């Protein structure tokens, strides 16, 4: 007597290569933190200097160069908006 078997589902890979690599690194760092074994990790120390002084003109110039607007809390939206985000997303 023969039984019909379902074909095995193909294993799908989620995300992209950069995302998988990043998540593998996070898992490895988590494992190292839990076990105390950092021998498989590369640890680097870097020094980051304080940012320069930004006055109103510099902030405005930076926002314009990035193509973002800043809304005030009275607009009930404090996050910057990206006016060309839809066009940029379509270009990918």
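The values are calculated or read from the model by the stated rules, or taken from the named source; none is laboratory data. Source: prediction; values computed, not measured. Here the Cβ positions follow ideal geometry from the backbone for every residue, glycine too, while neighbour counts run over all protein chains shown.
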Practice problem: Select from the range 36-63 the residues that are farther than 30 Å from residue 26 by Cβ and assigned to a loop (DSSP other than H, G, I, E, B) and list them in ascending order. | Solution: 52, 53, 54, 55
Quiz item: Within the range 69-92, is even one residue modelled with pLDDT of 90 or more and surrounded by 10 or more Cβ atoms within 10 Å (Cβ to Cβ)?
Solution: no
